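Below is one structure, written out as structure tokens, with a few remarks after it.
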Amino acid sequence: MQLLPLFPLNLVAFPGEKLNLHIFEPRYRQLVRDCLTEDQPFGIIPFLDDAVQELGTRMRLLSVEKTHPGGEMDIRTQAVSVFRVQKFYRQAPGKLYAAGQVEDVGQDEESDPALRATITRQVRQLYEALGLRKLLLELDPAFRIFDVAHHLGLSTEQEYQLLGTTAELERQELVREHLERLLPAVLEAERLKERVRLNGHFKNLQPPQF
């Protein structure tokens with residue numbers, strides 16, 4: 001176990017993703033300065049349902065892009081791994097920010113190519129329905145669920161469930177089921193929007209033959 005500075009936020013960070021943050025509170029400005037000075041990571045821990053959660057993501061501070069005159073900072077970070085908080089401290093010893101005794105959570109990265117192919121088809125349908133072709137072009141053929149999870153219409157609570165799932169196979173299954181439920185609603189909503197858009201236009205309709 002190690003003592004890790006913690007940054008509670010109303011979001012879930014997935015291993016591998018890059019996250020840009022604007023830091024304005026004095027306690028988190030102190031956290032960033034300490035991470036820079038001591039060359040250490042920090043943790044983003046989801047704050048959901050008015051509570052700090054048990055699982056979080058270890059973050060590497062890549063750079064401080066800008067320090068504003070008032071002391072605010074724009075920083076670039078990258079998520080590295082998932083951890084579990086064994087003991088939470090509202091304030092680290094002698095610090096303004098929170099901290100926790102944490103342990104890393106192991107991951108089983110074995111995936112099912114057939115499941116990935118199914119999810120790819122579902123994602124293609126979803127992105128095309130929503131007009132998000134740019135995201136579709138950026139989809140890596142060997143993507144992991146963590147790579148695409150923020151673009152699948154999941155709630156923060158569902159994203160947290162994914163974060164707590166330690167096997168890629170299980171994450172694939174969760175996402176496949178989610179897209180199976182989501183796609184019909186999205187496609188129907190897009191059809192409705194098209195009907196509304198065409199309402200009032202002159203229509204060239206072919207009468208039925210009978």
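The values are calculated or read from the model by the stated rules, or taken from the named source; none is laboratory data. Because the structure is predicted, anything quoted here is derived from the model rather than measured. Every residue, glycine among them, receives a Cβ derived from its backbone with ideal geometry; neighbour counts consider all protein chains shown. Accessible surface is based on the protein model in full, side chains and every heavy atom, while ligands, DNA and RNA are left aside. Shrake-Rupley method; radii C 1.70, N 1.55, O 1.52, S 1.80 Å.
Key figures
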{"quantity": "Residue list for segment 100-120, filter: surrounded by fewer than 12 Cβ atoms within 10 Å (Cβ to Cβ) and over 29 Å from PRO8 (Cα atoms)", "calculated": "GLU110, PRO113, ALA114, ALA117"}
{"quantity": "Index of the failed condition, GLN172 passing every other in (1) farther than 27 Å from PRO8 by Cβ; (2) touching a residue at least 24 places away in the same chain (Cβ under 8 Å); (3) more than 16 Å from the chain's Cα centre (by Cα)", "calculated": "(3)"}
{"quantity": "Evaluation of PRO41 against (1) within 25 Å of ALA149 (Cβ to Cβ); (2) out of contact with any strand residue (DSSP E or B) (no Cβ under 9 Å at 6 or more places or on another chain) (one fails), failing number", "calculated": "(2)"}
{"quantity": "Any pair with Cβ under 6 angstrom, 6 or more apart, that starts in segment 178-203 at a residue that is closer than 29 Å to THR120 by Cα and ends at one that is open to solvent by 50 Å² or more (accessible area, probe 1.4 Å) and at pLDDT 65 or above", "calculated": "LEU182/GLY153; LEU183/GLN125"}
{"quantity": "Single residue of segment 1-33 satisfying the filter (open to solvent by 40 Å² or more (accessible area, probe 1.4 Å) and in a helix (DSSP H, G or I)) that is farthest from VAL102 (Cα to Cα)", "calculated": "PRO26"}
{"quantity": "Filter result for the condition that a residue is modelled with pLDDT of 95 or more and open to solvent by less than 80 Å² (accessible area, probe 1.4 Å), over LEU187, LEU163, LEU198, LEU182", "calculated": "LEU163"}
{"quantity": "Complete set of residues in segment 34-60 that are at pLDDT 95 or above and open to solvent by 80 Å² or more (accessible area, probe 1.4 Å)", "calculated": "GLU54, ARG60"}
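Rundown of residues vs (1) of a type in the set (Lys, Arg); (2) part of a helix (DSSP H, G or I), yes/no style:
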residue: PHE88; (1), (2): no, no
residue: PRO93; (1), (2): no, no
residue: GLN101; (1), (2): no, no
residue: SER111; (1), (2): no, no
residue: ARG124; (1), (2): yes, yes
residue: ASP140; (1), (2): no, no
residue: PHE143; (1), (2): no, no
residue: ASP147; (1), (2): no, yes
